[in-house]
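Let me begin by presenting the structure, written as structure tokens, before commenting on it.
The values are calculated or read from the model by the stated rules, or taken from the named source; none is laboratory data. From a predicted model like this one, the values you see are computed outputs, not experimental measurements. Positions of Cβ are generated from backbone atoms using ideal geometry, with glycine treated the same way; all protein chains shown enter the neighbour counts.
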Amino acid sequence: MKNTLRNIFHSGKFVAGFVIFVILLVTIIVYPLINPGSPLEQIGVGTFAKPGTYVSLYDAAKTSPDRERETLRLSDADDKRLAKALSDSDRVLMVEWLGLKGVDLEGIDYQDTEALLELWHENYDSTFKPKGMTSAAQKKYKRLNDALLDLQTGDNLTVMSEGETLSTIKKTDYVNVGTVTNVKLLPLGTDNFGRDVLKELVGATKTSLGVGIVAGIVATLLGLSMGLLSGYVGGIVDDFIMFITNLFTVIPGFILLILISYSISQEYRGPATVAAVIGFTSWPWTARSVRSQVISLRNRDHVNLSKLSGHSMLRIVVTDILPYIASYVVMAFILQVSSGILSEAQLSLLGLGPKTTTTPTLGLMMNWAMMYSAHTNGSWWAYFPVILTITLISFSLNLMNTGLDQVFNPTLRD
């Protein structure tokens, strides 16, 4: 046993896959302790808040100027403020107006905030109205100019409530983020429902791994039982089991999975039910492989000796055959887990996964992102981390399987 484990952990591929899988397991165990609560808790009113650190404006404005505000005079603060406030559409408007005024724009980079503002302030005239320009368009340019002047000359921001001044904030006022009462770090932003994506992703990974493991156990046990019985007994039993196996093989497994899931009401489609359905439709290839292994073992000398000794079929199968195919069963189980996670994701994308109100899964997160067009509005954080997590899980499990195959398959050894 020690020698076998030593050989397994000397396989680079197995170790790499094992490390990735352990990191994922540690994350789904430790992170809920750091950030407890329901992964489906809605913390945002809007949708798809960008990743970042969010500070309560109310708490920042209420921070005492005597104790916790500091006056900082940063030379580039105004430039950064202007560059951030000027959107691409504002810059296009400025260039458009300058062109109508007849200003030479050759060599001007509209992304150069300083040069663009200098040219604007030198040439802007609120009374200028070229032929064809509507009054609404003229007012639009004037509003843009007023906003630019306010950004450059305004020194104070007054926070009012019911006619009473709550706070006056100067441009040079700064607060240490540590002094603000409510600060929320959202490394992956929020989804379409205003839920913390990272917290949801960790909970979904835990559920999907559970679905994969349960599906793997069901499929492996069914396939192993059918394969052992078919391969060892043979005859009519073998023919009947192979008929059932071929029947399942002829019907595409995913189509069968869709039909069974569709026939179950969503109210009863919990993660355990979905996992059992996936396992029930995934066992045939394991059964066929185990059967072929058992056929090659059932007439070995040690098996015939056990038969002559009067041992029961169950004992012969468990003690004389099963140990020889144990490594193969473990590898089949790993592949079934990976296949179960992918099947759940596919089902959920079609709206046939677990019910959406209790527990998130990786597939459900993809479904929500697709339904609310995260892929078209640039909200990559709602779906890309999910794709990456599914890829890492499948990649790690397949690496582990490949490493085990190199250890136990003599034809693949160096």
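Tallying residues that are of a type in the set (A, V, I, L, M) and either within 20 Å of residue 365 (Cβ to Cβ) or assigned to a loop (DSSP other than H, G, I, E, B) (or both) within segment 35-89 yields 7.
Residue check: residue 376 meets all listed conditions (1) over 20 Å from residue 200 (Cβ atoms); (2) buried (at least 21 other Cβ atoms within 10 Å of the Cβ) but one, namely (2). You will find that of 204, 272, the residue that is of a type in the set (Gly, Ala, Ser), exposed (fewer than 15 other Cβ atoms within 10 Å of the Cβ) and in contact (Cβ under 8 Å) with a residue 12 or more places away in the chain is 272 and no other. Evaluate the following for residue 37: is it at pLDDT 85 or above, on the phi > 0 side of the Ramachandran plot, surrounded by 11 or more Cβ atoms within 10 Å (Cβ to Cβ) and not assigned by TED's automatic domain parsing to the domain that holds residue 150? Yes. Scanning segment 167-207 for residues that are modelled with pLDDT under 90 and either part of a helix (DSSP H, G or I) or touching a His at 6+ places or on another chain (Cβ under 7 Å) (or both) yields 177, 178, 179.
Restricted to helices (runs of 4 or more DSSP H) entirely inside segment 301-360, those with at least 2 residues that are hydroxyl-bearing (Ser, Thr, Tyr) are 322-349. If I go through segment 23-40 residue by residue, how many of them are closer than 17 Å to residue 358 by Cβ, of a type outside the set (Gly, Ala, Ser) and over 17 Å from the mean Cα position of the chain (by Cα)? Qualifying residue count for the region: 0. If we scan segment 381-394, do we find a residue that is touching a residue at least 12 places away in the same chain (Cβ under 8 Å), assigned to a helix (DSSP H, G or I), β-branched (Val, Ile, Thr) and out of contact with any Gly (no Cβ under 9 Å at 6 or more places or on another chain)? Among the residues of segment 381-394, at least one is touching a residue at least 12 places away in the same chain (Cβ under 8 Å), assigned to a helix (DSSP H, G or I), β-branched (Val, Ile, Thr) and out of contact with any Gly (no Cβ under 9 Å at 6 or more places or on another chain), which makes the answer yes. Inspection of segment 121-131 identifies no residue that is surrounded by 14 or more Cβ atoms within 10 Å (Cβ to Cβ) and either aliphatic (A, V, I, L, M) or not assigned by TED's automatic domain parsing to the domain that holds residue 172 (or both). Taking the condition of being over 20 Å from residue 31 (Cα atoms) and small (Gly, Ala, Ser), how many residues in segment 181-227 meet it? Total satisfying the criteria: 7.
Residue 328 meets each of the listed conditions (1) within 17 Å of residue 216 (Cα to Cα); (2) at pLDDT below 80 apart from (2).
Could you please let me know if residue 282 is outside any helix (DSSP H, G or I), touching a residue at least 24 places away in the same chain (Cβ under 8 Å) and buried (at least 16 other Cβ atoms within 10 Å of the Cβ)? Considered against the rule, which asks whether it is outside any helix (DSSP H, G or I), touching a residue at least 24 places away in the same chain (Cβ under 8 Å) and buried (at least 16 other Cβ atoms within 10 Å of the Cβ), residue 282 comes out as yes.
Set side by side, the residues 51, 65, 32 differ, and just one is modelled with pLDDT of 90 or more and touching a strand residue (DSSP E or B) at 6+ places or on another chain (Cβ under 9 Å), which is 51.
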